[in-house]
Amino acid sequence: MKSLDKSELIAALLLIALGAFVAMKAWDWPYLTKDGPGPGFFPLWIGGLLVGLSVLLIVLQHSAARKSGKAPPATSWKGARPVLVGWVALMVAVALLKPAGFAVAYALLAAFLVRVVFRQSWFAALMVSVVSAAAFWLVFAKLLRVQIPAGPWGF
């Protein structure tokens with residue numbers, strides 16, 4: 001029997017650890033409140049799904065390796081660059097949430113992803129970022145009255 005692809009196994013184990021961490025943190029928060037789902041509701045489910053789906057990935061990969069008798073093909077890192085750039089951009093956007101506000105952080109993230117990762121024109125990046133940031137802000141901040149981080153400009 002051939003072994004599992006080590007890079008996918010490591011990724012699955014890291015996702016299991018992340019999911020367990022998220023679920024453990026969410027366990028201390030209220031699951032339900034008198035108004036509906038509490039702050040622990042979605043993180044608990046997301047953490048549980050991360051763990052469950054990662055275990056499923058390991059089981060399915062192991063099963064496929066056993067049935068075929070061959071080692072799975074080596075992971076190609078060719079497509080990893082855009083994903084990693086996207087993750088770094090997301091982390092920068094999260095860091096900008098408080099100082100710049102949600103709308104500005106999201107607009108910058110969207111513009112970066114459209115222009116750099118998806119290699120579209122500056123015009124497309126500007127249009128997608130402005131329209132989607134404005135739509136999110138209108139729907140969540142104004143219509144649903146969700147408190148989202150507001151920057152120094154009030155949005």
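Name the single residue that is surrounded by the fewest Cβ atoms within 10 Å (Cβ to Cβ) among those in the stretch 33-58 being modelled with pLDDT of 90 or more and over 18 Å from the mean Cα position of the chain (by Cα).
56
Taking the stretch 140-155 only, how many residues are among the aliphatic types (A, V, I, L, M), part of a helix (DSSP H, G or I) and either over 24 Å from residue 95 (Cβ atoms) or in contact (Cβ under 8 Å) with a residue 60 or more places away in the chain (or both)?
Of the residues in that region, 1 qualify.
Working only within the stretch 133-155, note down all residues that are of a type in the set (Lys, Arg) and surrounded by 10 or more Cβ atoms within 10 Å (Cβ to Cβ).
The one that is of a type in the set (Lys, Arg) and surrounded by 10 or more Cβ atoms within 10 Å (Cβ to Cβ): 142.
Got at least one residue in the stretch 113-128 being hydroxyl-bearing (Ser, Thr, Tyr), under 27 Å from residue 39 (Cα atoms), modelled with pLDDT of 95 or more and outside the structural domain of residue 39 (by TED's automatic domain parsing)?
The answer is no, given that none of the residues of the stretch 113-128 is hydroxyl-bearing (Ser, Thr, Tyr), under 27 Å from residue 39 (Cα atoms), modelled with pLDDT of 95 or more and outside the structural domain of residue 39 (by TED's automatic domain parsing).
Quick test of your reading of the structure: residue 63 fulfils all but one of (1) surrounded by 11 or more Cβ atoms within 10 Å (Cβ to Cβ); (2) assigned by TED's automatic domain parsing to the domain that holds residue 11; (3) not aliphatic (A, V, I, L, M). Name the failing condition by number.
Failed condition: (1).
Considering every residue within the stretch 88-99, establish whether at least one is surrounded by 14 or more Cβ atoms within 10 Å (Cβ to Cβ) and of a type outside the set (A, V, I, L, M).
no
Report yes if residue 116 is surrounded by 14 or more Cβ atoms within 10 Å (Cβ to Cβ) and over 15 Å from residue 103 (Cα atoms), otherwise no.
When the stated conditions are applied, residue 116 passes them.
The values are calculated or read from the model by the stated rules, or taken from the named source; none is laboratory data. Owing to the predicted nature of the structure, the values given are computational and were not obtained by experimental measurement. Ideal geometry is used to build each Cβ from the backbone, glycine not excepted, and the neighbour counts take in all protein chains shown.
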